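Every read-out reported here was derived from the displayed coordinates using simple, explicitly stated rules and does not represent laboratory data. Note that this is a predicted model, so its numbers are computed, not measured. Cβ atoms come from the backbone with ideal geometry, glycine included; neighbour counts cover every protein chain shown.
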Amino acid sequence: MKTRNETLLLKILNILVLISSMVILVIISIELLSPVNTQSERFILNIHLGVCAVFLTDFFVRWHTSHTGWRFVGQHLFLLLVSIPFLNLAYALSLQLSHTTWIFLRLIPVARGIYGVSVIVSWMTRSKITNLFTTYLTILFMTIYFGSMMFYFVEHTQNPMVKNYWDALNWSLMNVTTVGSNIFGVTKLGQSLAVILAAAGMIFFPIFTAYVTTKFQRKHPDAERNE
């Protein structure tokens with residue numbers, strides 16, 4: 001059992017994780033959507049390192065308070081991996097990275113924020129179904145957002161149909177609903193993103209249907225028995 005102080009500390013850390021994830025999103029959005037480079041490489045590296053330090057602190061505190069030893073590491077290995085500052089390690093090792101890889105490494109820690117959302121939702125509701133549904137919605141939103149940002153990044157200079165970010169966002173929304181868009185990718189990454197978004201839509205939207213059905217059956221149990 002966790003003490004009251006441990007529980008409070010974990011809640012504070014979880015909020016810091018969410019704030020750190022939002023910081024990454026804002027900085028990347030400004031960089032990709034701004035016509036001029038407004039951020040120095042050192043600034044980006046320092047922010048990335050600071051955010052990952054928050055994530056790693058959160059992980060090790062959770063490990064210490066779990067009282068389950070190495071089993072905790074095995075069960076939460078993904079959280080540890082997405083907390084590692086790969087961008088700073090690549091810079092320290094003087095690795096030559098493409099700009100696309102540079103952006104991708106900066107996005108990895110945001111996956112840690114998705115877990116943070118699920119934890120905070122669990123404070124507000126005891127329903128595991130609602131908690132799972134909210135987590136899935138968060139993942140879907142992040143998928144749409146990342147897809148649109150990456151599509152805009154790789155296509156706007158080569159695809160005449162992508163004039164601004166809103167064209168990319170519309171493309172992302174239409175593909176994730178599996179309706180399809182009148183904008184087609186001309187780069188390999190843009191074409192691959194269309195497939196990924198369509199696959200994500202086929203996975204996530206049935207979950208929404210199942211959630212609504214479950215909620216309806218719980219509120220109207222008599223209707224189910226009379227069928």
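Give me the one-decimal nm value for the distance between modelled label points at Lys188 and Phe141, 7 Å along each residue's Cα-to-Cβ direction.
Distance between label points: 3.4 nm.
Considering the options Asn46, Gly74, Ile24, tell which one lies farthest towards the positive end of the dipole of segment 1-109, charges being +1 on Lys and Arg and -1 on Asp and Glu at the Cβ, about the Cα centre.
Gly74
Using 0.36 nm per residue of separation minus the Cα-Cα distance, give me the extension gain between Thr178 and Thr213 in nm, one decimal.
10.4 nm
With r as the distance between the Cβ atoms of Thr100 and Val73 and R0 = 45 Å, compute the FRET efficiency 1/(1 + (r/R0)^6) and round to 0.05.
The calculated FRET efficiency here is 0.90.
Leu33 versus Ile203, label points 7 Å from Cα toward the beta carbon: distance in nm?
Inter-label distance under the simple model: 2.6 nm.
Gain in length, Asn5 to Val61, computed as 0.36 nm per residue apart minus the alpha-carbon separation, to one decimal in nm?
Stretched fully, the Asn5-Val61 segment lengthens by 18.9 nm.
Any chance you could run the full-extension gain for Ile196 through Ala92? It's 0.36 nm times the residue separation minus the Cα-Cα distance, nm to one decimal.
Stretched fully, the Ile196-Ala92 segment lengthens by 34.2 nm.
Cα atoms only, segment 1-109: Rg and Dmax in Å?
Just the Cα atoms of segment 1-109 yield Rg and Dmax of 16.0, 52 Å.
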